[in-house]
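The values are calculated or read from the model by the stated rules, or taken from the named source; none is laboratory data. Quantities reported herein were computed from a predicted structural model and do not represent experimental measurements. Cβ coordinates were reconstructed from backbone atoms using ideal geometry, including for glycine residues, and neighbour counts include every protein chain displayed.
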Amino acid sequence: MAALTREVTIIGSGPAGLTAALYSARANLKPLVIEGLEAGGQLMLTTAVENFPGFRDGIMGPDLMAAMREQAERFGAEIIRGHVSSIDLSTRPFVMTVGDDRIETQTLIIATGASAKLLGLPSERALMGHGVSTCATCDGFFFRGRPIAVVGGGDSALEEAIFLTRFATQVTLVHRRDAFRASKIMQDKALANPKIVVEWDTEVVEMLDASAGAVNGIVLRNLKTGAQKTLAVDGIFVAIGHTPNTGLFTGQLDADAGGYLITHDGSRTSVEGVFACGDVQDHVYRQAITAAGSGCMAALDAERYLESIQPPPTTSAPS
């Protein structure tokens, strides 16, 4: 097994991880970035990104990630394909396994993100970024003056539905049960909004039309009667939750009830020398720009930590 030793290793290659890589590289720390299973993060599933500062006319999600990657590499970041299969945070330096390689690192920046929960329909994956979205604040603007559907019944789903009424002609909330799981105040706001219509006891059977390459409808089935119907919509927002990608760190780092890593004093985790940034520790904002900002924080925190553990320079006694 090959052995590599690093000062900074970053797990994840979305906006948080690549920004951390950029700042670490510019600090001459020669960071190693391990891409992970979803190289580039959730933006690789997004078409136009119009809310990332500096791109007046917008930019395609994959193009933005490619530019961020090239920028980090320009300053000396090394990016490798691979998935971390095991990690031990109880040793110094930290030890992880990537394929046949054993990597030792003085500091670790975790930018593994969170994965949106999906319905599991083949048409859902085919239309992702082409009318299907998991982020209303990212993509709601594209559906101005159009009918859309939101799938879910928790606080996130109702919050997205309310937000989307700013743009859509009508928002249809599709929920599998006969009552929402959301808080009472959120329910009251949603049910009082004249633009929101609720399909109770209903599941999504199919998203239309993958063959056309864009959403133009949704097939619904009532779970009590079995009756099916097609609803014409131009956009579908799946809001059934996110799962933080923190399985590697279970039992090693403090996390909240939802599995998100807990950070303090910037990006510091419960283990000294381990930092977290992006959606793996943020279940509130979940934006590319906030992920990038927290990646900057993690890199600066790691740099300062490394400085703090360096032995003081030796001075020779005067002769």
Practice prompt. Within segment 157-193, count every residue that is within 17 Å of ALA116 (Cα to Cα) and surrounded by fewer than 21 Cβ atoms within 10 Å (Cβ to Cβ).
Written response: 1
Discussion item. I'd like to verify a number: residues in segment 240-266 that are of a type outside the set (S, T, N, Q), touching a Gly at 6+ places or on another chain (Cβ under 8 Å) and part of a loop (DSSP other than H, G, I, E, B), how many?
Written reply: 2
Practice prompt. Return yes when LYS229 is basic (Lys, Arg) and either within 28 Å of HIS130 (Cβ to Cβ) or touching a strand residue (DSSP E or B) at 6+ places or on another chain (Cβ under 6 Å) (or both) and no when it is not.
Written response: yes
Worksheet, complete the sentence: Residues of segment 125-163 being in contact with a helix residue (DSSP H, G or I) (Cβ under 7 Å, 6 or more places away or on another chain) and of a type in the set (D, E, K, R), in sequence order, are ASP155, GLU159, GLU160
Worksheet item: Of the residues that sit in segment 263-301 and are without any contact (Cβ under 8 Å) to a residue 40 or more places away in the chain and of a type in the set (A, V, I, L, M), which one is surrounded by the most Cβ atoms within 10 Å (Cβ to Cβ)?
Response: MET297
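For every residue, the table says whether it meets (1) of a type outside the set (D, E, K, R); (2) surrounded by 24 or more Cβ atoms within 10 Å (Cβ to Cβ).
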| position | (1), (2) |
| --- | --- |
| PHE94 | yes, no |
| GLY99 | yes, no |
| GLU104 | no, no |
| LEU118 | yes, no |
| HIS130 | yes, no |
| ALA149 | yes, yes |
Worksheet item: How many of the residues in segment 215-243 are closer than 23 Å to LYS117 by Cβ and touching a residue at least 60 places away in the same chain (Cβ under 8 Å)?
Response: 14
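Of the residues SER183, SER123, SER86, only one is closer than 30 Å to PHE249 by Cα and either of a type in the set (Ser, Thr, Tyr) or in contact with a Gly (Cβ under 9 Å, 6 or more places away or on another chain) (or both); which?
On the way: SER183 fails: closer than 30 Å to PHE249 by Cα; SER123 fails: closer than 30 Å to PHE249 by Cα.
Answer to the check: SER86.
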Practice prompt. Evaluate segment 180-199: report whether one residue or more is at positive phi and in the same structural domain as GLU159 (by TED's automatic domain parsing).
Written response: no
Practice prompt. Take the residues in segment 244-261 that are free of Cβ contacts under 8 Å to residues at least 60 places away in the same chain and touching a strand residue (DSSP E or B) at 6+ places or on another chain (Cβ under 6 Å), then tell me which one is surrounded by the fewest Cβ atoms within 10 Å (Cβ to Cβ).
Written response: GLY259
Item to complete: Would you mind listing the helices (runs of 4 or more DSSP H) fully within segment 131-226 where at least 3 residues are of a type in the set (A, V, I, L, M) and closer than 24 Å to VAL49 by Cβ?
Response: 155-164
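In the list ALA126, ALA168, ALA161, which residue meets the criterion of being among the small types (Gly, Ala, Ser), outside the structural domain of ILE59 (by TED's automatic domain parsing), in contact (Cβ under 8 Å) with a residue 24 or more places away in the chain and touching a Pro at 6+ places or on another chain (Cβ under 8 Å)?
On the way: ALA126 fails: touching a Pro at 6+ places or on another chain (Cβ under 8 Å); ALA161 fails: touching a Pro at 6+ places or on another chain (Cβ under 8 Å).
That would be ALA168, the only listed residue that is among the small types (Gly, Ala, Ser), outside the structural domain of ILE59 (by TED's automatic domain parsing), in contact (Cβ under 8 Å) with a residue 24 or more places away in the chain and touching a Pro at 6+ places or on another chain (Cβ under 8 Å).
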Practice prompt. Tell me which residues, restricted to segment 191-212, are of a type in the set (Gly, Ala, Ser) and at pLDDT below 95.
Written response: ALA210, SER211, ALA212
Discussion item. In a strand (DSSP E or B), among the β-branched types (Val, Ile, Thr) and modelled with pLDDT of 95 or more: is that true of THR112 in this structure?
Written reply: no
Worksheet item: Can you spot a residue in segment 33-44 that is modelled with pLDDT of 95 or more and either surrounded by 22 or more Cβ atoms within 10 Å (Cβ to Cβ) or farther than 23 Å from ALA116 by Cβ (or both)?
Response: yes
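Of the residues GLY54, GLY40, only one is farther than 20 Å from VAL274 by Cβ and without any contact (Cβ under 8 Å) to a residue 12 or more places away in the chain; which?
Numbers: GLY40 fails: without any contact (Cβ under 8 Å) to a residue 12 or more places away in the chain.
Within the list GLY54, GLY40, the selection yields GLY54.
Please enumerate the residues belonging to segment 227-239 that are buried (at least 17 other Cβ atoms within 10 Å of the Cβ) and part of a loop (DSSP other than H, G, I, E, B). Quick ask: steps written out before the conclusion?
Step one: filter segment 227-239 for residues buried (at least 17 other Cβ atoms within 10 Å of the Cβ), giving 231, 233-239.
VAL233, ASP234, ALA239 - these are the residues of segment 227-239 that are buried (at least 17 other Cβ atoms within 10 Å of the Cβ) and part of a loop (DSSP other than H, G, I, E, B).
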